[in-house]
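These notes concern the structure reproduced below.
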Amino acid sequence: MSITKMPEGFLWGGATAANQYEGGWDEDGRGPSIADILTGGSVSKQRRLTPPAPLPDEFYPNHEATDFYHHYKEDIALFGQMGFKVYRFSISWSRIFPQGDEETPNEKGLEFYDKVLDELEKYGIQPLVTISHYENPLHLSLAYGGWKNRALIDFYLRFARVLFERYKNRIKYWLTFNEINMLTVPFGAVFCAGMLDPADACEQSRYQAMHHQLVASALAVRMAKEINPDFQLGCMLAYHNAYPYTCHPKDIFFAQQYGQIHNSIAGDVHVRGAYPGFAWRYFRDHNIHLEMQPEDAEILRQGTVDFFTISYYSSSCVSLTAADGETTQGNGSENLKNPYLKASAWGWQIDALGLRHVLNEIYDRYQIPIMIVENGLGAVDEIAPDGKVHDDYRIEYMRQHVEQMKEAIDDGVELIGYTCWGCTDLVSASTGEVKKRYGLIFVNKFDDGTGDLSRMPKDSFYWYKKVIATNGEDLA
């Protein structure tokens, strides 16, 4: 059992994303994003895209979400009450550049984030900002086809430069893209790349889009360092932890390949500055032909990141030999169910030990600091007769994962931060529901659009406050 204490200065906090939390979708000059044409959904009902604009008789949960736009002072005060050291959030691209390709930013959009930073500074909370988190401006999808078009690199860099210059003395930690490796699965075509044509769910379009984002990320890293050499730039991957379903050598090797393709292609480019050899073989074997400019290799080499961040919720199994195995859902993908694990109400398998495995795997490969910037349990939370939310199941989920973080640190992993997802209730990206609640703060908002948006701490709020106050020592 680990006896290691969490390092001094460990960055405890929480994480959200503008498109799932912010609301105010058409206020103060903001333009529509791809998230604003996604209808609500559920486990039994798929979310639908309705380009080129929202339809009058449909419900779009992201339009109001849980309304951080009008509740930011109240929410950040609650984060301060929990003792957050860091708060990860994203800046809505279409709030700053409503169409995405303008020359001049929307000042009212920037003023909103000025005020958010004012509140964070009041409580001594460091910002960790994701520049692009699943909400490309809709115009860039309709007019340019999304990230398969190299033109988006320049539009992204214009957006990034505005942020770097405006906040060069207020924000230290930046993430260039959210879960960039989701482009290795069909889920990522819309969410990551804003590609609305169903044909673009193919591997050719997805890997081309990912290449453009990797180039954009590298150029943004270099730009950021020129503006402020003290900036710290990180990548962010949805870590796909897949075990072999059997000990058959084919399954063992397939699981290794699965991790290489879904994790290490993007990770290696971000950290090592080049595509690994197995990526080129995969591209050749799958008839994927990346269009690259002669300068791209040098851009990638010079634009490597300072730290590595991940989302980690669950694990799964993969196989070439077990064709009839039961499947289950996960973060952006569906794989074989592990018979040794319990699962959430949405089928995501709970595997805290897997987090230790993942942290060791990443650190063995890259030897740079790591943050866990998404980890949490989506569950149906109900208000009890005493008027409170008793989410012991969430506390247990988080407790197990923090224990494994401590074990990984004892293993020698340089883990520097943890931001639970979502520190307050918001809209689930995968199903478009508020019912799938992740927060430590209950928001009175429901999937039929009702609710007064009032806030109330859950039991997990007080547990996490104690964990932060003791730097991870008191997990009871």
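The values are calculated or read from the model by the stated rules, or taken from the named source; none is laboratory data. Worth saying up front: this structure is predicted, and the values here are computed from it rather than measured. Reconstructed Cβ throughout: ideal geometry from the backbone, glycine too, with neighbour counts over all protein chains shown.
In the set (1) surrounded by fewer than 19 Cβ atoms within 10 Å (Cβ to Cβ); (2) outside any helix (DSSP H, G or I); (3) touching a helix residue (DSSP H, G or I) at 6+ places or on another chain (Cβ under 8 Å), E165 fails one condition alone, (2).
Condition check ((1) small (G, A, S); (2) closer than 22 Å to G273 by Cα; (3) surrounded by 24 or more Cβ atoms within 10 Å (Cβ to Cβ)) across all residues:
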site: A189; (1), (2), (3): yes, no, yes
site: A199; (1), (2), (3): yes, no, no
site: Q204; (1), (2), (3): no, yes, no
site: A209; (1), (2), (3): yes, yes, yes
site: L214; (1), (2), (3): no, yes, yes
site: L219; (1), (2), (3): no, yes, no
site: R222; (1), (2), (3): no, yes, no
site: N228; (1), (2), (3): no, yes, no
site: F231; (1), (2), (3): no, yes, no
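In summary, R47 fulfils each of the numbered conditions (1) crowded, with 17+ Cβ neighbours inside 10 Å; (2) of a type in the set (D, E, K, R); (3) modelled with pLDDT of 95 or more with the single exception of condition (3). Among the residues making up segment 424-467, none is acidic (D, E), outside any loop (DSSP other than H, G, I, E, B) and either closer than 30 Å to Y60 by Cβ or free of Cβ contacts under 8 Å to residues at least 60 places away in the same chain (or both).
Kindly provide the set of residues from segment 46-62 that are of a type outside the set (A, V, I, L, M) and part of a loop (DSSP other than H, G, I, E, B), ordered by number. Those that are of a type outside the set (A, V, I, L, M) and part of a loop (DSSP other than H, G, I, E, B): Q46, R47, R48, T50, P51, P52, P54, P56, D57, E58, F59, Y60. Consider G325 against the criteria (1) modelled with pLDDT of 95 or more; (2) over 24 Å from the mean Cα position of the chain (by Cα); (3) small (G, A, S): it satisfies all of them except one. Which criterion is unmet? It is condition (1) that G325 fails. All conditions but one from (1) farther than 30 Å from D154 by Cα; (2) touching a Pro at 6+ places or on another chain (Cβ under 9 Å) apply to E74; the one that does not is (2). Only one of the numbered conditions (1) surrounded by 14 or more Cβ atoms within 10 Å (Cβ to Cβ); (2) more than 18 Å from S132 (Cα to Cα) is not met by F253, and that is (1). Considering only residues that are within 26 Å of K435 (Cβ to Cβ) and either at pLDDT 90 or above or surrounded by fewer than 20 Cβ atoms within 10 Å (Cβ to Cβ) (or both), which ones fall in segment 334-345? Passing the criteria: E334, K337, N338, L341, K342, A343, S344, A345. Out of segment 99-121, which residues are surrounded by fewer than 22 Cβ atoms within 10 Å (Cβ to Cβ) and not in a helix (DSSP H, G or I)? If the condition is that a residue be surrounded by fewer than 22 Cβ atoms within 10 Å (Cβ to Cβ) and not in a helix (DSSP H, G or I), then Q99, D101, E102, E103, T104, P105, N106 are the ones that fit.
Hey, any hits in segment 408-423 for a residue that's buried (at least 22 other Cβ atoms within 10 Å of the Cβ), out of contact with any strand residue (DSSP E or B) (no Cβ under 7 Å at 6 or more places or on another chain) and either in a strand (DSSP E or B) or modelled with pLDDT of 95 or more (or both)? No: zero hits. Residue count for segment 113-146 satisfying the condition of being under 22 Å from the mean Cα position of the chain (by Cα) and closer than 14 Å to W93 by Cα: 14.
Yes/no matrix, rows are residues, columns are (1) crowded, with 19+ Cβ neighbours inside 10 Å; (2) touching a helix residue (DSSP H, G or I) at 6+ places or on another chain (Cβ under 7 Å):
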residue	(1), (2)
C235	yes, yes
G277	no, no
R281	no, no
N287	no, no
L290	no, yes
F307	yes, no
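May I ask you to verify whether S94 is out of contact with any Lys or Arg (no Cβ under 7 Å at 6 or more places or on another chain) and over 26 Å from G347 (Cα atoms)? Give the derivation first.
Working: out of contact with any Lys or Arg (no Cβ under 7 Å at 6 or more places or on another chain): no; over 26 Å from G347 (Cα atoms): yes.
Spelling it out, it is not the case that S94 is out of contact with any Lys or Arg (no Cβ under 7 Å at 6 or more places or on another chain) and over 26 Å from G347 (Cα atoms).
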